[in-house]
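Each value in this text was obtained by applying a stated rule to the coordinates, not by laboratory testing. What you see is a predicted model, and the numbers here were worked out from it, not measured in a lab. So basically every Cβ, Gly included, is an ideal-geometry build from the backbone, and we count neighbours across all protein chains shown.
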Amino acid sequence: MLMFTITSSTKLASLSLFDENNMLANINVNVRKTHSTNILDELEKLYEWSDTKISDTTDVIISVGPGSFTGVRIAMSLIKGLFTLDKSVNIYTVSDLDALVFNNRDRASIIVAGIDSRKGKIYASVTKNNEKLLADGVYNIDEVIEYVNKYDDTVLFTGDIYVNYREKIAHKNLVVLDETCSYIDSKVYYNMYKKGLLIKGNIDKIVPDYLEKSQAEKEYNNGNS
């Protein structure tokens, strides 16, 4: 088995390679604008460093979002371009909100997983002991903070919202998180796969899960309403 995992839904792009038992290589790149200019270079480095070839790949795990519309599309276009013609490659999809929850599942009773969409708007979910209290959706950071303050349980915020809205986040039983645990690293996808938490998909049918319409779609709909 040679498994390739990738996410570029936030400013941190993450790529990893695994065999049956070990991580062979892992690259995390933080960029200011878009991953489109360097994602192929990082991909080539990943396989070169692990002394493997893209054609050796047997399994792929890709984030379908939510996050940057452009970022999600970049990873998806890359995977479809590389593996659409090879039907022997198994494709698995993952939500980055679920990955954030999984990565911090033992640190608090309630986990707020969130990805910043700017101006106080976030993509988020709230999970208590592996049960969703708030489904994946688009929320205002203030309403999410107010929501979890109804609970007396330990609460943890993870994702880039923990960094970007740190001055707003407050709870009497707040678990303070190391900043490195708040970013999405594609190596966690492998652990989710090993736990049987991912569903195999069809590469021709996988689509981004933006949780909201893009600005272009909104403008188009407004112009035709």
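In whole Hz, what ³J(HN,Hα) sequence does segment 111-121 give by Karplus (6.51, -1.76, 1.60; θ = phi - 60°), x for Gly and Pro?
10, 9, 9, x, 10, 5, 10, 6, 6, x, 8
Expressed as a whole percent, how much of the Cα-Cα distance distribution for the chain exceeds 22 Å?
Everything past 22 Å amounts to 51 percent.
Angle between the Cα long axis of helix 39-49 and the longest principal axis of the chain, 0 to 90 degrees, nearest 10?
60
Test of understanding: in a Gaussian network model of the chain with alpha carbons linked when under 10 Å, which of 163, 126, 64 would top the mean-square fluctuation ranking?
Of the options given, 163 has the highest mean-square fluctuation.
Return the calculated 222 nm mean residue ellipticity for the chain, to the nearest 500 deg cm²/dmol, obtained by summing -39500 (n - 2.57) across DSSP H runs with n ≥ 4 and dividing by the residue count.
My calculation for the chain gives -8000 deg cm²/dmol from helical runs alone.
PRE reach from residue 199 (point 7 Å along Cα→Cβ): which of segment 46-89 fall under 18 Å by backbone N?
Under cut-off, by backbone N: 60-66.
What lysines could a cross-link reach from residue 187, if we take a straight Cα to Cα line under 28 Å and drop same-chain neighbours fewer than 8 places away?
Cα-Cα hits under 28 Å: 11, 33, 45, 53, 80, 87, 121, 128, 132, 195, 200, 205.
By a straight-distance test (C-alpha under 16 Å), which aspartates and glutamates pair with residue 150 as possible cross-link partners, with residues fewer than eight away in the same chain excluded?
142
Mind giving me the nanometre distance, one decimal, between the label points for residue 118 and residue 206, set 7 Å out from Cα along Cα→Cβ?
According to this spin-label approximation, the distance is 2.7 nm.
If a paramagnetic tag sat 7 Å from the Cα of residue 21 along the Cα-Cβ line, which residues of segment 38-60 would have the backbone N under 20 Å from that point?
So the set is 50-52, 58-59.
Which percent, to the nearest 5, of DSSP beta bridges fully inside the chain are antiparallel?
Beta bridges within the chain, antiparallel portion: roughly 65 percent.
Give me 95, 109 ranked fewest to most by other Cβ atoms within 10 Å of their Cβ, as a rough exposure proxy.
109, 95
Please state, rounded to one decimal and in Å, the Kirkwood hydrodynamic radius that segment 96-182 gives when every pair of distinct Cα atoms enters the mean of 1/r.
One over the average 1/r among Cα pairs gives 12.4 Å for segment 96-182.
I'd like the Karplus ³J(HN,Hα) series for segment 56-68: coefficients 6.51, -1.76, 1.60, θ = phi - 60°, whole numbers in Hz, and an x wherever there's a Gly or Pro.
3J(HN,Hα) across segment 56-68, in whole Hz: 7, 5, 10, 9, 9, 10, 10, 6, 9, x, x, x, 4.
Select from 21, 191, 130 the residue whose mean-square fluctuation is largest in a Gaussian network model of the chain (Cα-Cα springs shorter than 10 Å).
Greatest mean-square fluctuation among the candidates belongs to 21.
Give a residue-ordered list of calculated ³J(HN,Hα) values for segment 84-96 (Karplus: 6.51 cos²θ - 1.76 cosθ + 1.60, θ = phi - 60°; whole Hz; x for Gly, Pro).
With coefficients 6.51, -1.76 and 1.60, one gets 4, 7, 9, 6, 7, 7, 7, 10, 10, 10, 8, 8, 5 Hz.
Quick one: compute the contact order of segment 96-182, relative version, from alpha carbon pairs under 8 angstrom and 6+ residues apart, as a percent.
Here the relative contact order equals 30 percent.
Please get the size of the charge dipole for segment 96-182, origin at its Cα centre, with Cβ charges of +1 on Lys and Arg and -1 on Asp and Glu, quoted in debye to the nearest 20.
That gives a dipole near 140 debye.
Could you pull out the GluC sites (Glu not before Pro) across segment 15-117 that fall in loop regions by DSSP (anything but H, G, I, E, B) with no more than 16 other Cβ atoms inside 10 Å?
20
Could you work out how far helix 69-83 tilts from the main Cα principal axis of the chain, as a 0 to 90 degree angle to the nearest 10?
Here the helix axis deviates by roughly 20 degrees.
Which whole-number percent gives the relative contact order of the chain, counting Cα pairs below 8 Å spaced six or more residues apart?
21
Can you tell which of 62, 161, 206 shows the greatest fluctuation in a Gaussian network model of the chain with Cα springs below 10 Å?
206
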